[in-house]
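Below you'll find the structure, written out as structure tokens, and then a few comments.
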Amino acid sequence: MRERVPRGADRLAMVGFWAAALLVATLFAWLVGDVLQHGFAHLSLDFLTANPEDAGREGGIAPVIVSTLIIVAICMTVTVPLGLGTALLLAEFLPASSGQGRFVRRSLDVLAGVPSVVFGLFGNALFCQRLGLGFSLLSGGLTLACMVLPYFTRTAEEGLRAVPQDYRTAAAALGLSRTGTIAHVLIPSAMPGLVAGFILAVTRSLAETAALIFTSGYVARMPESLFESGRTLSVHIYDLAMNVSGGDGMAYSSALVLMVLLIVLNRSAMWVSRRWSMKRVVAS
Amino acid sequence: MVHEEGGGFMSASVADCPAIRADKVSVRYGKALAFEDVSLEVSGGAITALVGPSGCGKTSFLSCINRLTDLYEGCVVSGQLTVGGESVLARGIDLLALRRQVGMISQRPNPFPLSIWRNLELPLREHGVGDRTERQQRIEQALRDVGLWDEVKDRLNRSAHALSGGQQQRLCIARALVLRPRVLLLDEPCSALDPISSGVVEDHVVQLRRRCTIVIVTHNLAQARRIADETAVFWTREGRGYLLESGPTARIFEAPQNPVTAAYIQGLRG
Amino acid sequence: MVHEEGGGFMSASVADCPAIRADKVSVRYGKALAFEDVSLEVSGGAITALVGPSGCGKTSFLSCINRLTDLYEGCVVSGQLTVGGESVLARGIDLLALRRQVGMISQRPNPFPLSIWRNLELPLREHGVGDRTERQQRIEQALRDVGLWDEVKDRLNRSAHALSGGQQQRLCIARALVLRPRVLLLDEPCSALDPISSGVVEDHVVQLRRRCTIVIVTHNLAQARRIADETAVFWTREGRGYLLESGPTARIFEAPQNPVTAAYIQGLRG
Amino acid sequence: MAVISTAIVLLIALFIARESFPLLSTVSPLRLFTDRSWNPLEGAYNLAPMFAGTVLVSVGAVLISAPLGIASAVFCHFYAPPLVARGYRVIIELLAGIPSVVYGLWGLMVVVPLIGRIRPLGASVLAGILVLALMILPTMVVVADAALARVPREYLQGAAALGLSRWTTVREVALPAARRGLVTGALLQTGRAVGETMAVLMVCGNVVQVPARLTDPVRTLTANIALEMAYAMGNHRAALFTSGLMLFLMIFVIVACAELVGRERADA
Amino acid sequence: KSEKSEQAASKLTLSGASTLAPLVSEVAKRFEKKNPGTRVDVQMGGSSRGVMDARQGLVDIGMVSRDLKPDETDLDAHPVARDGICIIVHQTNPVASLTDEQLVSIFTGKITNWKDVGGEDKPIVVVNKAEGRSTLDLFLYHFKLKNSDIKAQVVIGDNQQGIKTVETSPESIGYVSIGAAEFAAKHGEALKLLPMAGVAASLENLHNGTFPLARTLHLVTKKGQQNELARKFITFAQSPETHDLVEKQYFIPMGE
Ligand SMILES: Nc1ncnc2c1ncn2[C@@H]1O[C@H](COP(=O)(O)OP(=O)(O)OP(=O)(O)O)[C@@H](O)[C@H]1O
Ligand SMILES: Nc1ncnc2c1ncn2[C@@H]1O[C@H](COP(=O)(O)OP(=O)(O)OP(=O)(O)O)[C@@H](O)[C@H]1O
Ligand SMILES: [Mg+2]
Ligand SMILES: [Mg+2]
Ligand SMILES: O=P([O-])([O-])[O-]
């Protein structure tokens, strides 16, 4: 039992995986390094609490942050129940090979590939005009929900499918109702999948630009209701980078804020889910 | 089958224990036949042992009785099967009520990925049994019945998956018992257990006689002989299971009619 | 331990069979102690049975020997443990070589979600054993050894998960045997098996004596008595396992030194 | 519930079809492939080069990032020390959350000049593939990571007990067991690649042509929509929606194919 | 209900050209401050969106970064600022000026190497704007070209993309909004503005009318529309009160 240096394919694989990871990490460091380098200059407490001035070249991004949070919240409030319901239907109620299941799944996969500009134009036509919501946080959130639905649903579905059959057998043998089984056994067991879906959906909605320009709009005022227009961080970044000369620095700073926001949102989602599934574990 | 909320479990009598009647029951998974034309009468309140070689369809037979076969895609059950006179295989029966009345312990321990306590509380809550205190009592009782109480009473809030194999199996038995079913299907309940736990469980099963109709699959022929009132021997021919012989345990062990049974009983070791 | 590519398995001799020495070995999962200060000598080429109540640490002890404990986050093994004179617990040992030499069969059957054939071929390929024909022979031999060949020879390409519980367990035994390990750790190998398959497996284990160091966890004391050269009794005190007594099987069963052992042996049923 | 997701798809399809109707009712669909060029203001509506561009860029990106994504997920589970794995996951989440404009900017300022050294100008198929690959990578990693986390521990125990090497365990046990999740991840990722707009628009060069080399510029259907929609009227606008319609059909075909492949595999 | 209509009366919505959106947003902010209780929402979406939305009455005012087309006579155009476009090359490019003929030859692919116009021996990378953009329209109109004549190596959308493309590529030549280009060159970007027909490209020359390539940025309303607030806003946007804002966004105020 001498010290064993991995041989042949095993060793190659190990080197390969480390290399792949390093490559991704390097590219990431490069990208984020750029953002950090350009972004730190304008970062201050003022930046977080002030209104944008001079088309965003001066001032801060407070209303933008607030609008972003509201839109993401609307989006997730719609996506999670809807997506979870659909995922349950696909994984638990329809046989894997059923035509209906396939149809729904296919729809979702197609939805994932619709360009965000098209979502924007569609959301504008449906929510802003047909449903009369106008340019508003609500229209934006709902359009985003349509867009991220497949990410959450498909990931959650896979999570549910991977729950060992043993648990379903045990639950059935105890005469647990379908709802009881789902709520108390399946969902806690499928938590990794649900969290993954949630993360994908949140990140995607935070990073979205084109779908929001046409729905939640461009107004950088502090929103007072859900029916008002509001600019999100990524729209702001887009505007500064592409449309405002001399906006680059502020664009990078905003990107920095966006990234911090993202980490905070995702970590708290994980924390909540852990708390929640712990509560299921820790008795009564 | 009627819900029997009133009346303590231990005060139940043979009259409450449904008999099980199988008439030419066959099970197939897709195209493959698991077993064929099994006709068997299980007396209410008695202990019936199912024995036979691996793969002859014992588990599949048990699964018909509480319709767990529904969970396997492509699994088809044919024939007649009644529990307490009511057909089990009919469409549209109340499956939850059936399964509440017919408890089952499967071959592989399968506790939920929840805490020990929650594993036991979940079925009670789901079936709306009792208030908090009653549930607490029932849970403690069930854990004592399988000899697990002392081992786990300090870590009821820990995950059931951090238990040893035998502990998990006993937890699953307790989980079935906590609902006080009228019929209990046990698929090799003691196979993962050491003699002491095995003895505890066996004693408990014996105590349930006359309060509960019990069907137990066991590879331990000595155990079958010790506790079963009746024994059914399954066999397999060209990959298909069938019922070789059934009858009172004493007769099966002492005067088997079928030479194959005789050989099987002979081969009994330990 | 040296790789022994040449030389048939069955021609191996006691000299090749490593002894196992445990010196004050303890295992803890996080803060909880599974067992404490176990010192045990397992002779090379002999069959050693581990018996004891559920949860006393038998599985955990086996897992130390092939370092499967590494797989549990927070699991810490302390003490000295050598196989064939070489330390197992040291950092940086060649785990793959160790595990190739030390086969293990776990309590719950765990076939891979692959075909039956692939389940057996995978370890052979991995360890670069033989050419196609030799692998084929070995696989068939292993399946025969566990009495599974006739049952599955027509469906070798089907998923191992469509087998019955007992068949799965025998497949897992075959999968360990196909590598012809020098040490075999069996965690209740027969618990899911009917007497016939159980007999087949037991006979095979006996045949391996002197060709292989065998440690077998069993709840069947009669089986331990029948096949083991030496027996170690584990016990548990306040949730912690420890070694109660060990020695030649005959002595343990006929003249136990510890009254607890005596009581345990007495309680032996069946 | 599922009705809703299906309804959204149908509504979007209807919407796109309605908006592209003005063009399709006056111009034969065949002309979308045979017209001499894409100059909608001069009445030429050839979408074929953009179709090719979309296929090239997204296929290239998926071919790079799907293996890299799976490798990253495997790395997190089987190779990385726990702390490294945790850090790596944060990296992946961040990558997913960076808006595509930022990817585009970075591509434009870093990747394009790099490629420009090989052959001016650098805004090219290759730049598109590279930036897009990095951008869609996280989708794959997050889904694959969750799929690997669900591989039953018993399989891994069994593999360890047999002394299977890490690589064999990954290849023969973990990846097959996680297959469904991997396929889902790849599909979502492909969808994202086909549908991505801003970053591609900024680094691909957007010249309407069938590229002969990897360093040639191309325009994708999505970039076409994003570039011109804001200034398009009448038939021009309808032609852009027709790009959308074509994209929609293309995704539909991809999904159907993926399903077919998946089914055949399951049969085997 | 009366409350609602009152609110509607005190609210304006605008949409349209991205070129105008930042400027009009700033104007709107000042307008809101001056008229407490009013709200002016500015949305982006391109000139065509501005025209369509104004036409359909979805918004009160549209923003259009070009002149109205002959088929858009149902709208009234109200100029608010002027903008020009200029040719840009990389700072290191030794070519100091190009004649109109040379420019046409370059953009139509007849000249493909810088050495043919007095530069280094390097291929020329032509950066063109996307179909429909008003800068493109103006450029084509000025040089009497059709878009299909132009042989471009890169096609871009917004001005900033053009600036970034040219500043990272020493071989390239493109055209963008003068204000944006001047700002970038002044702030150290590697950019050079070429004179047109001998007139240096600067806001100043645009202002005094000597620079040939100019365009007007408009607010548009539906003909016959009676919206007091909209009229008030347009008057405000055209008034000297907002000229500082116009200049701050690197455009030329109207009516001086
Ligand atoms: N889910 C399944 N899909 C397909 N075939 C199955 C399935 N479960 C069991 N079988 C097959 O049906 C037959 C009967 O299986 P069953 O599990 O009922 O046997 P058993 O008597 O319980 O055996 P054991 O004692 O080994 O548990 C076997 O041949 C088995 O391979
Ligand atoms: N993964 C784990 N995490 C935490 N605790 C564990 C884990 N596995 C086992 N234990 C605890 O360690 C102790 C010893 O367990 P072990 O599985 O070794 O017992 P055993 O002797 O094999 O029992 P059995 O006969 O029931 O299989 C038990 O108290 C058990 O609850
Ligand atoms: Mg069975
Ligand atoms: Mg154990
Ligand atoms: O219309 P543009 O100002 O973007 O050319």
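Over 10 Å intervals from 0, what percent of Cα-Cα pairs in region A:138-253 sits in each interval?
13, 29, 23, 17, 12, 5, 1
Ordered shortest first, which distances in nm separate the 7 Å Cα→C-beta label point of C:Arg237 from those of the other copies?
5.8
Which residue, D:Ala160, B:Leu179, D:Ser65, has the largest displacement toward the positive end of the dipole of the protein assembly as shown when charges sit on each Cβ (Lys, Arg +1; Asp, Glu -1)?
Farthest along the dipole direction, towards plus: B:Leu179.
Could you tell me what percent of the DSSP beta bridges with both partners in region C:20-265 are antiparallel, to the nearest 5?
60 percent
With runs of 4+ DSSP H residues as the only contributors, calculate the mean residue ellipticity of chain C at 222 nm using -39,500 (n - 2.57) per run, divided by the residue total and rounded to the nearest 500.
Helix contribution divided over all residues of chain C: -9500 deg cm²/dmol.
Are there GluC sites (Glu not before Pro) in region E:41-121 that DSSP marks as loop and that have at most 16 other Cβ atoms within 10 Å, and which are they?
In loop regions of region E:41-121 (DSSP not H, G, I, E or B), the sparsely surrounded GluC sites (Glu not before Pro) are E:Glu120.
Within region A:126-230, which chymotrypsin sites (Phe, Trp or Tyr not before Pro) sit in a loop by DSSP and count at most 10 neighbouring Cβ atoms inside 10 Å?
Nothing satisfies the criteria.
Which whole-number percentage describes the relative contact order of chain A, with Cα contacts under 8 Å and a sequence gap of 6 or more?
Relative contact order for chain A comes out at 26 percent.
At q = 0.11, 0.15, 0.28 Å⁻¹, work out log10 I(q)/I(0) for region D:38-110 with the Debye formula, treating every Cα as an identical point scatterer and leaving solvent out; two decimals please.
-0.49, -0.75, -1.15
Suppose only helical runs count, i.e. DSSP H with n ≥ 4. What mean residue ellipticity at 222 nm does that imply for chain A under -39500 (n - 2.57) per run, divided by all residues and rounded to the nearest 500 deg cm²/dmol?
-22000 deg cm²/dmol
Would you work out the charge dipole size for chain E about its Cα centre, treating the Cβ of every Lys and Arg as +1 and the Cβ of every Asp and Glu as -1, and quote it to the nearest 20 debye?
It works out to roughly 520 debye.
If the label for B:Gln207 sits 7 angstrom from Cα along the Cα-to-Cβ line, what are its distances to the same label in every other copy, in nm to one decimal, shortest first?
In ascending order, 4.5 nm.
Using only alpha carbon pairs under 8 Å that are at least six residues apart, calculate the relative contact order of chain E and give it in whole percent.
28 percent
Of all the stretches in chain B, which is the longest one without any exposed loop site, taking GluC sites (Glu not before Pro) in a DSSP loop (any state but H, G, I, E, B) with at most 13 other Cβ atoms within 10 Å?
In chain B, the maximal stretch lacking such sites is B:74-237.
Computed from the mean reciprocal separation of all distinct C-alpha pairs, what Kirkwood hydrodynamic radius does chain E have, in Å?
Roughly 19.3 Å, rounded to one decimal.
Which is the longest stretch in chain B that no exposed loop site breaks, taking sites as trypsin sites (Lys or Arg not before Pro) with a DSSP loop state and at most 13 other Cβ atoms within 10 Å?
For trypsin sites (Lys or Arg not before Pro) (loop position, at most 13 other Cβ atoms within 10 Å), the longest site-free span of chain B is B:92-270.
In nm, what does the list of distances from C:Asp150 to its counterparts in the other copies look like, shortest first, when each label sits 7 Å along Cα to Cβ?
Shortest to longest, the spacings are 4.7 nm.
State which helices in chain A qualify, where a helix is a whole DSSP H run, it must extend 18 Å or more along its own axis by its Cα atoms, and its mean Kyte-Doolittle hydropathy must be at least 0.0.
Qualifying helices, which must be both long enough and hydrophobic enough, are A:8-39, A:62-88, A:137-161, A:191-207, A:248-281.
What is the extension gain from A:Gln165 to A:Arg11, computed as 0.36 nm multiplied by their sequence separation minus the C-alpha to C-alpha distance, in nm to one decimal?
Stretched fully, the A:Gln165-A:Arg11 segment lengthens by 51.9 nm.
Name the chain B residue with the Cβ nearest the axis that maps B onto C: which is it, and what is the distance in angstrom?
B:Ser191, 2
Could you tell me the distance between the Cα centroids of region B:56-126 and region D:33-52, to the nearest Å?
For region B:56-126 versus region D:33-52, the Cα centre distance is 64 Å.
Scattering from the C-alpha atoms of the protein assembly as shown alone, worked out with Debye: what is log10 I(q)/I(0) at q = 0.06, 0.07 1/Å?
These q points yield log10 I(q)/I(0) values of -0.65, -0.81.
How crowded by other chains is A:58-66, given as the mean number of beta carbons from other chains within 10 Å of each beta carbon?
For this peptide, the per-residue mean of nearby foreign Cβ atoms is 0.
Project the alpha carbons of region A:45-282 onto their principal axes and report the range along each, largest first, in whole Å.
Ordered largest first, region A:45-282 gives principal extents of 67, 40, 27 Å.
Tell me, how many Å apart are the Cα centres for region A:198-229 and for region B:132-157?
Answer, in whole Å: 52.
Suppose a student asked you for the relative contact order of region B:20-265, using Cα pairs under 8 Å spaced at least 6 residues apart; what percent would you report?
It rounds to 28 percent for region B:20-265.
What are the semi-axes of the equivalent ellipsoid for region E:93-160, taken as the square roots of 5 times the Cα gyration tensor eigenvalues, largest first, in whole Å?
The three semi-axes for region E:93-160 are 21, 13, 11 Å.
Starting from the Cα gyration tensor of region D:146-268, multiply each eigenvalue by 5, take the square root, and state the resulting semi-axes largest first in whole Å.
Three semi-axes, in Å: 43, 16, 13.
Send over the semi-axes of region C:20-265's equivalent ellipsoid, whole angstrom and largest first, taken as the square roots of 5 times the C-alpha gyration tensor eigenvalues.
Its equivalent ellipsoid spans semi-axes of 30, 21, 16 Å.
Could you tell me which residue out of B:Ser54, C:Ser164, D:Ala144 lies farthest along the dipole of the protein assembly as shown toward its positive end? Charges go on the beta carbon: Lys and Arg +1, Asp and Glu -1, centred on the Cα centre.
B:Ser54
Nothing charged except the Cβ atoms of Lys and Arg (+1) and of Asp and Glu (-1): what's the magnitude of the dipole of the protein assembly as shown about its Cα centre? Round to the nearest 20 debye.
It comes to approximately 1760 debye.
Per DSSP H run of n ≥ 4, the term is -39500 (n - 2.57); total these for chain D, divide by its residue number, and report the mean residue ellipticity at 222 nm rounded to 500 deg cm²/dmol.
-22500 deg cm²/dmol, from helical runs alone.
I'd like the distance separating the alpha-carbon centroids of region A:233-251 and region D:190-268, in whole Å.
Cα centroid to Cα centroid, the span is 26 Å.
With only Lys, Arg, Asp and Glu charged, each at its Cβ (+1 for the first two, -1 for the last two), find how big the charge dipole of region B:20-265 is about the Cα centre; round to the nearest 20 debye.
420 debye
Step through the table entries E:Lys146/E:Lys248; E:Lys29/E:Lys222; E:Lys144/E:Lys164; E:Lys122/E:Lys164; E:Lys144/E:Lys192; E:Lys122/E:Lys186, compare each Cα-Cα distance with 30 Å, and write down the pairs that go over it.
Exceeds cut-off: E:Lys146/E:Lys248.
Decide, for chain D, between rounded, prolate and oblate: order the square roots of the alpha carbon gyration tensor eigenvalues as a ≥ b ≥ c, take rounded if a/c falls under 1.5, and otherwise choose prolate if a/b is larger than b/c, else oblate.
prolate
Any chance you could get the radius of gyration and Dmax over the Cα atoms of region B:129-232, in Å?
Values for region B:129-232 (Cα only, Rg and Dmax): 14.0, 41 Å.
Any idea which of B:Val102, B:Asn119, B:Cys190 is furthest toward the positive side of the dipole for chain B, if Lys and Arg beta-carbons carry +1 and Asp and Glu beta-carbons -1?
Going by the charge dipole, the pick is B:Asn119.
What helices in chain D pass both tests, a Cα length along the helix axis of 18 Å or more and a mean Kyte hydropathy of 0.5 or higher, using whole DSSP H runs?
Helices meeting the criterion: D:2-24, D:48-74, D:82-97, D:125-149, D:234-267.
Here, each number is a calculation from the coordinates, and none is a lab measurement. All values derive from a computational prediction rather than experimental measurement. Cβ sites come from the backbone with ideal geometry, for glycine too, and all protein chains shown count toward neighbours.
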